[in-house]
Amino acid sequence: MPRKSLTDLYQMKAKGEKIAWLTSYDYPSAQFCQAAGIDMILVGDSLGMCVYGYNGTVPVTMDQCLVHTEAVRRGAPDLFVVGDMPFLSYQVSDADAVLNAGLFLKKADVDAVKLEGGVRIVDRIKAISDAGIVVIGHIGLTPQSSGLLGGHKAQGRTAQAAQLTLEDALAVEKAGAKLLLVEAIPPEVTAVIHQRLSIPVLSIGGGLPCDGQLLIISDLIGQFQAFTPKFVKKYANVAQVITEAIKQYVTEVKTEHFPGPEFTYSMLPGEEEKFYQMVGYTPASK
Ligand code: KIV
């Protein structure tokens, strides 16, 4: 199957077919995404919380993002894979931004990179796009700058804030981004952005009126325990499944029910006696 391309995503928008986007951070979950019919994967810097246990995304490094993105690409060779530019990989200069975006292409074979910010980040979007790299904008709640936003809070909830969010969206498109992600904004604001932009608009916590949805896999499968944003729907509870399995293992180890004979290897015929004689060992009882 040919790899999903930007053209495919634009055709889906044109046909009104919704785009299903999910994060993934490793090889097995990327395989599951591909098998389950996901269109796009984001190897989000949310891996800082979901994989490394940090309390935010700020500590995440380029090296961590690259290692995880390479693994995801191996697991999902046919999907549109997006590298997420971590904090300080693009904020300092256009040159840093182009270099780090390019590393995602060179080392992890991504189809696009995503960076957070609207009006304040347009120079970086333009610089990366001018280097021939597909950029996805990310506005609304932008976790890397949650300090400035007063925490992990919904954005665009007053008329004035909504207008600023729309201005961010327009600026991101004008700077050359090929897709836009809106996070944690009211659907009314998403609808206006979707109507005013010609590029596909995707949402995580922005409601239905757009071209597709993103969720974080650790939320969707019920693995991430620290907190649950309002927009998260949990489709499974793997935390419970895994904990129950481990508990059962602990019990079976302690009661010597594991490993039973079906999980052990036998010596080849006649070799057991020969071995005991060779090493002078007498088995306790048979
Ligand atoms: O890192 C990530 O998963 C993200 C989403 C929260 C949009 O950027």
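The values are calculated or read from the model by the stated rules, or taken from the named source; none is laboratory data. Not measured: the values here are computed from a predicted model. Quick reminder, even Gly has a Cβ in these numbers, built from the backbone with ideal geometry, and neighbours come from all protein chains shown. Side chains included, ligands, DNA and RNA excluded: accessible areas come from the protein's heavy atoms. Shrake-Rupley method; radii C 1.70, N 1.55, O 1.52, S 1.80 Å.
Inside the range 187-228, can you point out the residues that are assigned to a loop (DSSP other than H, G, I, E, B), open to solvent by less than 60 Å² (accessible area, probe 1.4 Å) and in contact (Cβ under 8 Å) with a residue 40 or more places away in the chain?
Selection gives PRO200, GLY205, GLY206, ASP211, ILE216, PHE224.
Quick one: ALA162 ticks every box in (1) within 14 Å of the ligand (Cβ to nearest atom); (2) without any contact (Cβ under 8 Å) to a residue 40 or more places away in the chain bar one, so which box is it?
Going through the list (1) within 14 Å of the ligand (Cβ to nearest atom); (2) without any contact (Cβ under 8 Å) to a residue 40 or more places away in the chain, ALA162 breaks only (1).
Check whether at least one residue in the range 123-132 is among the hydrophobic types (A, V, I, L, M, F, W, C), touching a Gly at 6+ places or on another chain (Cβ under 7 Å) and closer than 23 Å to VAL82 by Cα, and report yes or no.
Yes: one or more hits.
Out of all the residues in the range 4-30, which are closer than 19 Å to ALA71 by Cα and open to solvent by 80 Å² or more (accessible area, probe 1.4 Å)?
TYR27
Tell me, which helices (runs of 4 or more DSSP H) lie completely within the range 1-98 with 1 or more residues that are in contact with a strand residue (DSSP E or B) (Cβ under 6 Å, 6 or more places away or on another chain) and either in the same structural domain as PHE231 (by TED's automatic domain parsing) or more than 16 Å from the ligand (Cβ to nearest atom) (or both)?
6-15, 27-36, 62-75
Taking the criterion of being of a type in the set (A, V, I, L, M) and closer than 18 Å to ASP111 by Cα, would at least one residue in the range 21-31 satisfy it?
Yes, because at least one residue in the range 21-31 is of a type in the set (A, V, I, L, M) and closer than 18 Å to ASP111 by Cα.
Among the listed residues ARG120, ARG124, which satisfies the condition of being on the phi < 0 side of the Ramachandran plot, out of contact with any Phe, Trp or Tyr (no Cβ under 7 Å at 6 or more places or on another chain) and of a type in the set (D, E, K, R)? Can you show your working first?
Values: ARG124 fails: out of contact with any Phe, Trp or Tyr (no Cβ under 7 Å at 6 or more places or on another chain).
Residue meeting the stated conditions: ARG120.
Assess whether ALA239 counts as being under 25 Å from LEU6 (Cα atoms), open to solvent by less than 80 Å² (accessible area, probe 1.4 Å) and either not charged (D, E, K, R) or not assigned by TED's automatic domain parsing to the domain that holds ILE38 (or both).
For ALA239, the condition - under 25 Å from LEU6 (Cα atoms), open to solvent by less than 80 Å² (accessible area, probe 1.4 Å) and either not charged (D, E, K, R) or not assigned by TED's automatic domain parsing to the domain that holds ILE38 (or both) - is not met.
Among the numbered criteria (1) within 20 Å of LEU47 (Cα to Cα); (2) open to solvent by less than 30 Å² (accessible area, probe 1.4 Å), which single criterion is violated by LEU105?
Checking LEU105 against (1) within 20 Å of LEU47 (Cα to Cα); (2) open to solvent by less than 30 Å² (accessible area, probe 1.4 Å), the one that fails is (2).
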